[in-house]
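Participant: Starting off with a structure, shown below.
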Amino acid sequence: MMDRRAWQMLMIGLGTALVPLDSAVNIAFPAITARFGLAIQDIQWVVICYLLTYISLLLAVGRIGDLFGHALVFRIGLVWSAGALLLSALAPSYPALLACRVLQGVGAALVLSCGPALSTGLYDEERRSRVLGVYTMCWALGMALGPWIGGALVQAWGWPAVFWFRVPIAILALVLLRDLPRMPRHTGPASFDFLGAGLLALALLALLMSFNRLGHWLVLPLGFLSLAAFLGFFWQERRASQPILDLRMFSAPGFARLNVAYLLTNLAGFTVWLLVPYYLTRETGLTLTAAGAVLATGSFGMTAAALAGGRLIGRIAAGRLTVIGALLTGIGLAATSTWAPGTATPFLIGALLVQGFGIGLFQVAYTDLVAAAMPRESRGVAGSLAMLTRTIGTVSAAALLLLLFQRLAADSGFLPAFRQSFQLAAVLPLAMAGVLALRPRR
């Protein structure tokens, strides 16, 4: 029989899965573009509005969880997410859908910022790596099941189904999640750095919007605004008594390098979610349900890597696992770049599995390294930093890679542009594997 802590871990994982289950929306991209009469490039805003919102809030909300309770913030996130998902399913127009995606982003920030802290708080610190492996597995399962469920739902009930099917999941997790243990909190009076949170949100929003406006006159003002806001954030964090993020840890050997490598590897990996749905629906002749199942195989690779990584840490240094993860990600992306109209489905699945396993292995090892770098009472910020770095890579990919693909496709057509995009994407994780293999100076 399942003990209390395992049941709580299951409910935390179920609530967290609301966010990766958003991968169901990707398989609905063609249906959404058709419903609202959009060009392919316009669909990026469905991703950007959602991710920009929660990426700008993650660290601040993680800090709020550290100060006032992770369980409270997590539960508020479940309620908020249920409401936002229902509104998204009922959106009568494309602008209304984008507004609802912003609301979804707020709920995602509330859930994601405290999920890792709640999970690691259930068990002793010696089991941290395995717990994070299970948490990553829940994330990966959500990513895996999303396209498969989404494909079937869109085929049966249309694109709104990829939103409303998650409402009962949020309610179930909320009702069954009880008696969570309290994490250690900061001593002294609680103080939230509102100025630092605002500056960080502004800096991230301006930075990612500048990526989206490359080639437009707005890119320079947005870039300068982002730089000024980042400088203001760094200044504020050095003087704040309880900063959003303690910047001193980035001076630790290899820590800044690790974060950059994780960001760029996730940027490359998101090419799969951005372009593969269109390849599967245009070039393979698969049904929408079958296409969703193929797209999901990469996340099943992440699931396997999450379980393996949680057990391997301790036997193999987490730093070495990041190198292996980056290498496998690059190999999988390079294999995807060879796809053609007649490519056998087992080869499609194999390429996605290798790429997914690499991303999953990197994610478990990276999250463990970040958690180890911070005190236990700052686990909300630690979990948020791990998710923030990953999501910056994702949002950057949504803007930069789509722009690259559009320009390539204008010159050579869909399939050559698809291949070239994956060739360029494969270079990033392979290069990062080499960078991570270098021993940091002490």
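Participant: Would you mind computing the Rg to Rh ratio of segment 193-241 from its alpha-carbon coordinates, Kirkwood style for Rh? Intermediate results must be reported in sequence, preceding the final value.
Facilitator: Working: Rg = 11.7 Å, Rh = 10.9 Å.
Ratio of gyration radius to Kirkwood radius: 1.08.
Participant: Could you tell me which helices of the chain pass both thresholds, a Cα extent of 20 Å or more along their own axis and a mean Kyte-Doolittle hydropathy of at least 0.5, with helices taken as whole DSSP H runs? Intermediate results must be reported in sequence, preceding the final value.
Facilitator: Working: long enough: 44-68 (35 Å, 1.55); 70-89 (28 Å, 1.54); 94-121 (40 Å, 1.18); 128-157 (41 Å, 0.81); 194-212 (27 Å, 2.11); 219-239 (30 Å, 0.85); 255-283 (42 Å, 0.75); 288-312 (36 Å, 1.16); 318-336 (27 Å, 1.44); 345-373 (42 Å, 1.43); 379-412 (48 Å, 1.01); 414-437 (35 Å, 1.36).
Going by DSSP H runs, the hits are 44-68, 70-89, 94-121, 128-157, 194-212, 219-239, 255-283, 288-312, 318-336, 345-373, 379-412, 414-437.
Participant: May I pose another question? By how many nm would the segment from Leu86 to Leu10 grow when fully extended, if each residue of separation counts as 0.36 nm and the alpha-carbon distance is taken off?
Facilitator: Values: separation 76, 0.36 × 76 = 27.36 nm, distance 2.37 nm.
In short, 25.0 nm is gained.
Participant: Quick one: if the Förster radius is 41 Å, what FRET efficiency do Leu247 and Ala431 give, using the C-beta to C-beta distance and rounding to 0.05? Numbers along the way, then the final one.
Facilitator: Details: r = 26 Å, r/R0 = 0.63.
It comes to 0.95.
Participant: Related question: Less than 13 Å Cβ to Cβ from Thr336, Lys/Arg counted +1 and Asp/Glu -1: what total charge do the surrounding residues give? Display every interim value, and only then the final one.
Facilitator: Numbers: positive: Arg419; negative: Glu283.
Around Thr336, the charge tally is 0.
Participant: Same structure again: Restricting attention to the alpha-carbon atoms of segment 17-68, what are Rg (one decimal) and Dmax (integer), both in Å?
Facilitator: Radius of gyration, then largest Cα-Cα span, for segment 17-68: 14.7, 46 Å.
Participant: Using label points projected 7 Å from each Cα along Cα→Cβ, tell me how many nm separate Arg282 and Leu220, to one decimal.
Facilitator: Those two pseudo-labels are separated by 3.5 nm.
Participant: Taking a spot 7 Å from the Cα of Ala34 along the direction of its beta carbon, which residues of segment 402-419 have an amide N less than 13 Å from it?
Facilitator: Residues passing the 13 Å test: none.
Participant: Enumerate the residues in segment 203-234 having an amide nitrogen under 19 Å from the point lying 7 Å beyond the Cα of Ser412 toward its Cβ.
Facilitator: none
Participant: Provide the net charge surrounding Leu78, with neighbours chosen by a C-beta distance below 14 Å and charges set as Lys +1, Arg +1, Asp -1, Glu -1.
Facilitator: Its environment carries a net charge of +3.
Participant: Now, a different point. Ranking request for peptides 80-86, 271-277: highest mean number of other beta-carbon atoms within 10 Å first, then the rest in descending order. Working shown, then result.
Facilitator: Details: 80-86: 21.1, 271-277: 23.6.
The packing order, highest mean first, is 271-277, 80-86.
Participant: Give me the number: length gained by fully extending Tyr123 to Ala372, i.e. 0.36 nm times residue separation minus the C-alpha to C-alpha distance, one decimal in nm. Present the calculation step by step, with values, prior to reporting the outcome.
Facilitator: Values: separation 249, 0.36 × 249 = 89.64 nm, distance 1.48 nm.
Length gained, Tyr123 through Ala372: 88.2 nm.
Participant: Regarding the chain, what are the three Cα extents along the principal axes, ordered largest first, in Å?
Facilitator: So the extents along the principal axes, rounded to whole Å, are 62, 49, 47.
Participant: With the chain treated as a Gaussian network of Cα nodes joined by springs under 10 Å, which of Ala431, Ala197, Ala39 yields the largest mean-square fluctuation?
Facilitator: Result for the chain, Cα springs under 10 Å: Ala39 fluctuates most.
Participant: Per DSSP H run of n ≥ 4, the term is -39500 (n - 2.57); total these for the chain, divide by its residue number, and report the mean residue ellipticity at 222 nm rounded to 500 deg cm²/dmol. All intermediate terms of the calculation are to be shown ahead of the outcome.
Facilitator: Numbers: 17 runs with 343 residues, N = 442.
Rounded to the nearest 500, the figure is -26500 deg cm²/dmol.
All of the numbers you see were taken from the coordinates with simple rules; none came from a lab. Since this is a predicted model, take the numbers as computed values, not measurements. Counting neighbours? That spans all protein chains shown, and the Cβs are built from the backbone with ideal geometry, glycine included.
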